[in-house]
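What follows is a single structure, written as structure tokens, with notes after it.
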Amino acid sequence: MIQFILNNKEISTSLPPGMLLLDFIRYHQHLTGTKIGCREGDCGACTVLLGELKTELNQESALNYRSVTSCLTPLGNVQGKHVVSIEGINMQELNPIQKAMSDESATQCGFCTPGFIMSLSGFCLSRKEPSPENAIASVDGNICRCTGYKSIERAVACVSDLLKTRDNTEPALFAAEQKILPAYFSGIRERLLKMEAYEFSGKEGSNARFVGGGTDLYVQKHDEMTHASIRFMLEDQSLKGIEIADNKCILGASSTVTDFGENPALQSYFPELKAYIKLISSTPIRNIATIAGNFVNASPIGDLTIFFLALETELELSDGKNVRTIPLRKFHTGYKQLDKRPEEFITRLWFELPFPNSKFNFEKVSKRTHLDIASVNSALSLQLENDAQGNEIISKALLSAGGVGPTPVFLEKTAAFLKGKTPDESLIIDIIKIAQTEIKPISDARGTEVYKRLLLSQLIKAHFLKFFPQLKAEALL
């Protein structure tokens, strides 16, 4: 049985754990405010909130809410959580979030509106600074096709103003006390604590499908997954956590993109981490997409795969009995092919943290800036030192690229050529020529072969111009 709280109602169900939360809400609970749109996590019309208890070191369990796309979330991933649909935030009158959308004329046909309101509700329940910028970022997974975004921006700013006096008050308590959300939110933490505490792992055995966040698997195999034999990895506590030790970052395989991007220690090592992560899908997808899932998905343009390739990441795999390690650069053996047996799964991964004299950058080109798949993406890591004459030289380089071959590419020859060189415009021109010999792009919906070769050249230039702003861009035209 899967047990959770849906709005203000406790649920216990024996329906297939592979069933999508969206279908359970609409067809089994008859709550039709959550809309069916793209069924691919793109439009945000099906957005709901997931609230769960998380325990920080030496602290009580805190209630943490995140927005998710219910069209990609299986029932097996909501065990022991609080699921909130649009009906769960209704009050006697319009709540302040709904009223802001109405007052600012931020809705026309209304189909997308429940998703926007749920994302804004998630913002009100988060611990993020109540700034207009953060409020706008909370709806980056929601698309409106008819209203126009200026009226929505005005409504979002009104919602941000509601939180200005919150200070350190627990978000759910503040939202309930200020009548932003229904009063029952103030008691959810205690109700979750009383629920039977167990991890819903699903099926064991060699026939079980491994499911993390499901953000790609449910796009590709929606009907098949409902009744599939599934082992759920997202809430497996042995696969969670981010640890910094001995100048290494060790990540549990089921850590989400949000977990990675919001980690304060990692933000100190990668000052632009927030900007990089913002290029990866949208907030609701990042909230459930796992790092290992991105690797195993084996997309030639997987953003996280390209990111971690340039950090010399190592993977640990297990079949439940035996454990082995493999470099990420050797994990992808062909198009959608992996050096992984069916019974194996990634347990954790690690990489060396950047040294003070290191530089790292991630770049991505896509048809739209956010919530899109890359045409070409690339990451570059450089370690610098001074030679005997005091000149700055590259002592180590790691360069990766996606969208330029059947697998994510580690540009080994190009990286090796950089070692011992002084960064200047002629070096960039030389390495671009070498990089072109290491890639095999094809023409497809995201661009022609010629276009992708050009994009990689431009991204390599972008890396170096960001690292060394004294370089002359006009010399690279």
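Listing for the model above:
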| item | result |
| --- | --- |
| Subset of the range 211-229 that is open to solvent by 30 Å² or more (accessible area, probe 1.4 Å) and assigned to a helix (DSSP H, G or I) - its residue that is farthest from Leu317 (Cα to Cα) | Asp223 |
| Given (1) at pLDDT 95 or above; (2) assigned to a loop (DSSP other than H, G, I, E, B), number of the condition Phe123 does not satisfy | (2) |
| In the range 324-338, the residues that are surrounded by fewer than 14 Cβ atoms within 10 Å (Cβ to Cβ) and either closer than 20 Å to Ile250 by Cα or β-branched (Val, Ile, Thr) (or both) | Arg324, Thr325, Pro327, Lys330, Thr333 |
| 3 or more residues within 27 Å of Gly80 (Cα to Cα) and either touching a residue at least 12 places away in the same chain (Cβ under 8 Å) or touching a Leu at 6+ places or on another chain (Cβ under 8 Å) (or both): qualifying strands (runs of 3 or more DSSP E) within the range 230-313 | 230-232, 248-252 |
| Every pair of residues 6+ apart whose Cβ atoms lie under 6 Å, when the first sits in the range 390-401 and is among the hydroxyl-bearing types (Ser, Thr, Tyr) while the second is in a strand (DSSP E or B) and open to solvent by less than 20 Å² (accessible area, probe 1.4 Å) | Ser400/Ala379 |
| Matching entry among Lys35, Lys54 (being free of Cβ contacts under 8 Å to residues at least 40 places away in the same chain and closer than 27 Å to Pro132 by Cα) | Lys54 |
| Any hit, the range 451-460, residues being loosely packed, with under 13 Cβ neighbours inside 10 Å and at pLDDT 95 or above | no |
| Index of the failed condition, Asn207 passing every other in (1) more than 18 Å from Ser67 (Cα to Cα); (2) open to solvent by less than 10 Å² (accessible area, probe 1.4 Å) | (2) |
| Where a residue in the range 325-353 is assigned to a helix (DSSP H, G or I) and of a type outside the set (A, V, I, L, M) and its partner, wherever it lies, is at pLDDT 95 or above and open to solvent by 40 Å² or more (accessible area, probe 1.4 Å), with Cβ under 7 Å and at least six apart | Lys330/Asp339 |
| Scope the range 8-31; condition surrounded by 21 or more Cβ atoms within 10 Å (Cβ to Cβ) and either touching a His at 6+ places or on another chain (Cβ under 8 Å) or under 24 Å from Ala183 (Cα atoms) (or both); matching residues | Gly18, Leu20, Ile25 |
| Condition check for Lys419: touching a strand residue (DSSP E or B) at 6+ places or on another chain (Cβ under 8 Å), basic (Lys, Arg) and open to solvent by less than 70 Å² (accessible area, probe 1.4 Å) | no |
| Condition check for Pro96: out of contact with any Phe, Trp or Tyr (no Cβ under 8 Å at 6 or more places or on another chain), modelled with pLDDT under 95 and open to solvent by 10 Å² or more (accessible area, probe 1.4 Å) | no |
| Residues satisfying the stated conditions in the range 118-143, i.e. of a type in the set (Asp, Glu) and either in contact with a strand residue (DSSP E or B) (Cβ under 8 Å, 6 or more places away or on another chain) or loosely packed, with under 15 Cβ neighbours inside 10 Å (or both) | Glu129, Glu133 |
| Residue tally, condition farther than 20 Å from Phe185 by Cα and modelled with pLDDT of 95 or more, over the range 44-69 | 4 |
| Test: residue in the range 281-297 that is surrounded by fewer than 22 Cβ atoms within 10 Å (Cβ to Cβ) and within 18 Å of Ala379 (Cβ to Cβ) | yes |
| Selection within the range 359-368 - crowded, with 16+ Cβ neighbours inside 10 Å and farther than 14 Å from Leu455 by Cβ | Lys359, Phe360, Asn361, Phe362 |
| Within the range 425-459, tally of residues that are β-branched (Val, Ile, Thr) and farther than 21 Å from Lys367 by Cβ | 6 |
| Yes/no for Lys194 being open to solvent by 60 Å² or more (accessible area, probe 1.4 Å) and in contact with a Pro (Cβ under 8 Å, 6 or more places away or on another chain) | no |
| Among residues of the range 455-477, those that are closer than 21 Å to Phe410 by Cβ and aliphatic (A, V, I, L, M), counted | 5 |
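For (1) within 22 Å of Lys452 (Cα to Cα); (2) open to solvent by 40 Å² or more (accessible area, probe 1.4 Å), each residue gets a yes or a no:
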{"position": "Lys340", "(1), (2)": "no, yes"}
{"position": "Glu343", "(1), (2)": "no, yes"}
{"position": "Thr347", "(1), (2)": "no, no"}
{"position": "Pro356", "(1), (2)": "no, yes"}
{"position": "His370", "(1), (2)": "yes, yes"}
{"position": "Val376", "(1), (2)": "yes, no"}
{"position": "Ala379", "(1), (2)": "yes, no"}
{"position": "Leu384", "(1), (2)": "no, no"}
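Residue-wise test of (1) of a type in the set (D, E, K, R); (2) farther than 26 Å from Thr258 by Cα.
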residue	(1), (2)
Asn134	no, no
Val139	no, no
Arg145	yes, yes
Arg154	yes, yes
Ala157	no, no
Asp161	yes, no
Arg166	yes, no
Pro171	no, no
Ala176	no, no
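Per-residue answers, yes or no, for (1) assigned to a strand (DSSP E or B); (2) surrounded by 21 or more Cβ atoms within 10 Å (Cβ to Cβ); (3) of a type in the set (D, E, K, R):
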{"position": "Thr34", "(1), (2), (3)": "no, yes, no"}
{"position": "Asp42", "(1), (2), (3)": "no, no, yes"}
{"position": "Glu52", "(1), (2), (3)": "yes, no, yes"}
{"position": "Ser67", "(1), (2), (3)": "yes, yes, no"}
{"position": "Phe116", "(1), (2), (3)": "no, yes, no"}
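The values are calculated or read from the model by the stated rules, or taken from the named source; none is laboratory data. Just so you know, these numbers come straight off a predicted model, no measurement behind them. Please note: Cβ atoms are built from the backbone with ideal geometry, for glycine as well, and neighbour counts cover all protein chains shown. All accessible areas refer to the heavy atoms of the entire protein, side chains included, with ligands and DNA or RNA removed. Shrake-Rupley method; radii C 1.70, N 1.55, O 1.52, S 1.80 Å.
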